[in-house]
1. Quick check on my filter: what residues within region 154-202 are of a type in the set (Asp, Glu) and farther than 19 Å from Cys321 by Cβ?
2. Consider only pairs whose beta carbons are under 6 Å apart and that are at least six residues apart or on different chains; among these, list those whose first residue lies in region 197-213 and is more than 14 Å from Phe156 (Cα to Cα) and whose second residue is surrounded by fewer than 17 Cβ atoms within 10 Å (Cβ to Cβ) and of a type in the set (A, V, I, L, M, F, W, C).
3. Report yes if some residue within region 139-156 is surrounded by fewer than 17 Cβ atoms within 10 Å (Cβ to Cβ) and at pLDDT 95 or above; otherwise report no.
4. Of the residues Phe76, Phe124, which single one is within 26 Å of Phe210 (Cα to Cα), at pLDDT 95 or above and in contact with a Lys or Arg (Cβ under 7 Å, 6 or more places away or on another chain)?
5. Which of (1) outside any helix (DSSP H, G or I); (2) surrounded by 24 or more Cβ atoms within 10 Å (Cβ to Cβ) does Gly103 not meet, given it meets every other one?
6. Condition first: assigned to a strand (DSSP E or B) and under 16 Å from the mean Cα position of the chain (by Cα). Now tell me which residues in region 310-326 satisfy that.
7. Among the residues that make up region 103-110, is at least one of them assigned by TED's automatic domain parsing to the domain that holds Val192, of a type in the set (A, V, I, L, M) and touching a helix residue (DSSP H, G or I) at 6+ places or on another chain (Cβ under 6 Å)?
8. Which residues, taken from region 111-138, are hydrophobic (A, V, I, L, M, F, W, C) and buried (at least 20 other Cβ atoms within 10 Å of the Cβ)?
Amino acid sequence: MLTIRDKLPDEFLNAYPAELKSLLGGPTLINLGGMQARPLFMSILLHGNEITGLLAVQALLSRYHSTPLPRAVSIFIGNVEAARVGKRLLPGQRDYNRIWINGSGAEYDMAHTVLEVMREREVFACIDIHNNTGKNPYYAIIAEPDVDHLKCAALFSNTVVYATCPDTTCTVAFSKLCPSVTLEAGLPGDPVGVEQTVRFLETCLRLDDFTTQALHPVNLFHTVAVVKVRDCCSYGFLGEDVDVQLTDEIDHYNFRELEPGTCLARVRNGNQRCLDVQHVDGRQVYSDYFRVIGSDLQAARAVMPAMLTTDRDIISLDCLCYLMERLPQSELKNELD
């Protein structure tokens, strides 16, 4: 399932996402040498419709068409079949960002091989590049309360999320090997997000290590729960004949601390259990965060959501949102002491 190359295909730097399937054949790991041997690992297109990673890597490597890379790089190009049709994943496929720990099957074997190759190459850092569909700031995610991880994330954005759920992502798996971050670079193909990603990757290429970097203040959040619409409930938007009518601009609530009583949706017949809310420790915590008053689904306490979206496919394939709490940087640093 996985092809490993030590050279870029000639057409790669100008290829469109839809052309990668015919160009590469399938998921591909490309290892390129550089002036420093420990490679910067970059994963792109784990979701086939999230194209900023491809555009950023193409722009970055174009700068070194005739000059040596400052550091070796390894580029994992993931779901090229889904990229061919501009979808997150195809029917019957596993989510390529949920295969990196445990499990059996071809996709899990592929992820394990990538991890083992990068372990042998003494990977310097892992950068997993994503987009999202709602209104969110550019931000980075770390999965370890480690100062080098936080320093790496802060080079991309001063908004950082510490998240360990789901625990089967690329960033979680690589965090056991090296500083590892997920980049959430705005909407797919957003030029500002692409440019910010290129600058970040260029900075990482030229770093000797993270220990000499200053730890700048960041806005730090901790993911505490994931929210999904229950399978037995239909969902849509205001005015539709569904069990859960989400507000039309629900994604405007991302990274905003919502006051108790904020209405997120209207529910049919005062349905008290339209959402599944699972804490990162596995507990069901719906009533801790939500309540229904009349037909209004409200926040029961101050809460900050992320990744709320108006994209129905994402709600179905992934989740409605994640819930976060502010985490003082000093508290994270205390975990390091």
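1. Hits for region 154-202 are Asp190, Glu195, Glu202.
2. none
3. Within region 139-156, not a single residue is surrounded by fewer than 17 Cβ atoms within 10 Å (Cβ to Cβ) and at pLDDT 95 or above.
4. Numbers: Phe76 fails: in contact with a Lys or Arg (Cβ under 7 Å, 6 or more places away or on another chain).
Answer to the selection: Phe124.
5. (2)
6. Passing the criteria: Cys321, Tyr322, Leu323, Met324.
7. Taking region 103-110 first, the residues assigned by TED's automatic domain parsing to the domain that holds Val192 are 103-110.
Within this subset, residues satisfying the condition of being of a type in the set (A, V, I, L, M) are 106, 110.
From what is left, the residues that are touching a helix residue (DSSP H, G or I) at 6+ places or on another chain (Cβ under 6 Å) are none.
Within region 103-110, none of the residues are assigned by TED's automatic domain parsing to the domain that holds Val192, of a type in the set (A, V, I, L, M) and touching a helix residue (DSSP H, G or I) at 6+ places or on another chain (Cβ under 6 Å).
8. Residues satisfying the conditions are Ala111, Val114, Leu115, Met118, Val123, Phe124, Ala125, Cys126, Ile127, Ile129.
The values are calculated or read from the model by the stated rules, or taken from the named source; none is laboratory data. From a predicted model like this one, the values you see are computed outputs, not experimental measurements. Backbone-built Cβ (ideal geometry, glycine too); neighbour counts: all protein chains shown.
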